[in-house]
Amino acid sequence: MGDPKKQKKKFSKPLHPWNKERIVAEKEILKQYGLRRKYEIWKTESILRNFLSQAKKIIGSRTLQSEKDKTNLLNKACRLGLLKKDSRIEDILNLTLKDIMERRLQTLVLRKGFSSTMLQSRQLICHGHISISEKKLTSPSYIVRVDEESNIKLLVDPSKIIKKKESQESKKSDKSVKQNKESKSKEESKSKIKENPASGAAKAAENTPKNSGELKEKSG
């Protein structure tokens, strides 16, 4: 047996890593679609680039093979829900990154109402609680076909998810209330010391031992 085949990279990094406009745009996409890492954006951009490059080649050539490639590319885009059936090859050039992001499994789980946030839908997928045609999927970046969209199912009772979320929110609220009370008590004690510095000094003197005899008595 030889060495296992090394998998090809499915994305390419940006040429200018410190471009401010691109960094800001990527941060917005990360928040909007609940992504964990930027390579998920780069992977989606590579899918978009492949569609655009194929469409440009087909538009520039007039052969029998280009006509076959044209029908295949349009059928593929329609199957993935990126274009409508009556679309032309030029319509592929109008596709954007968000069009492909909307076809990800993580996005469709939220759109179908199985989760309340993008992060929750990602959690459901990664924990194996989402299936398509009775097959569990654990990849949030899976591009869902149009014929598969109606077969997306939640394998967990939704009431359990709601109860769990409510308990988490109640714990957070109790913790925040406790922290607020502690901070208020600290502020009140500080303000009292500022108003009456003599009383604060007297209390400190009472707590400190007056001589070495008291220290020996306490240690004894």
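Checked against (1) within 21 Å of E102 (Cβ to Cβ); (2) under 31 Å from the mean Cα position of the chain (by Cα); (3) in contact (Cβ under 8 Å) with a residue 12 or more places away in the chain, R37 meets all criteria but (3). Just to be sure, is S173 hydroxyl-bearing (S, T, Y), out of contact with any Cys (no Cβ under 9 Å at 6 or more places or on another chain), modelled with pLDDT under 95 and closer than 28 Å to F51 by Cα? Answer is no for this residue. For the stretch 119-170, filtered to residues that are outside any helix (DSSP H, G or I), of a type in the set (S, T, N, Q) and touching a helix residue (DSSP H, G or I) at 6+ places or on another chain (Cβ under 8 Å), the residue that is modelled with the lowest pLDDT is S133.
Filtering the stretch 1-28 to residues that are within 17 Å of I143 (Cα to Cα) and surrounded by 14 or more Cβ atoms within 10 Å (Cβ to Cβ) leaves only F11. When the residues of the stretch 106-129 are filtered to those that are in contact with a Pro (Cβ under 6 Å, 6 or more places away or on another chain) and not polar (S, T, N, Q), the one that is farthest from L155 (Cα to Cα) is R122. Do we find that K136 is in contact (Cβ under 8 Å) with a residue 40 or more places away in the chain, surrounded by fewer than 19 Cβ atoms within 10 Å (Cβ to Cβ) and in contact with a strand residue (DSSP E or B) (Cβ under 9 Å, 6 or more places away or on another chain) in this structure? No: the conditions fail for K136.
Please specify each residue of the stretch 52-91 satisfying the condition of being of a type in the set (A, V, I, L, M, F, W, C), touching a Lys or Arg at 6+ places or on another chain (Cβ under 8 Å), touching a residue at least 40 places away in the same chain (Cβ under 8 Å) and outside any loop (DSSP other than H, G, I, E, B). C78, the sole residue that qualifies. Return yes or no: is S116 in a loop (DSSP other than H, G, I, E, B) and touching a residue at least 40 places away in the same chain (Cβ under 8 Å)? Yes. Those residues that are surrounded by 16 or more Cβ atoms within 10 Å (Cβ to Cβ) and farther than 13 Å from K10 by Cβ, I need them from the stretch 31-47; list them, please. Within the stretch 31-47, Y33, G34, L35, K38 meet the criteria.
Here is a yes/no grid of residues against (1) over 23 Å from I125 (Cα atoms); (2) under 26 Å from the mean Cα position of the chain (by Cα); (3) surrounded by 13 or more Cβ atoms within 10 Å (Cβ to Cβ):
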{"residue": "S53", "(1), (2), (3)": "yes, no, no"}
{"residue": "K76", "(1), (2), (3)": "yes, no, yes"}
{"residue": "R79", "(1), (2), (3)": "no, yes, yes"}
{"residue": "L82", "(1), (2), (3)": "no, yes, yes"}
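The values are calculated or read from the model by the stated rules, or taken from the named source; none is laboratory data. None of these values were measured; they are calculated from a predicted model. Every residue, glycine among them, receives a Cβ derived from its backbone with ideal geometry; neighbour counts consider all protein chains shown.
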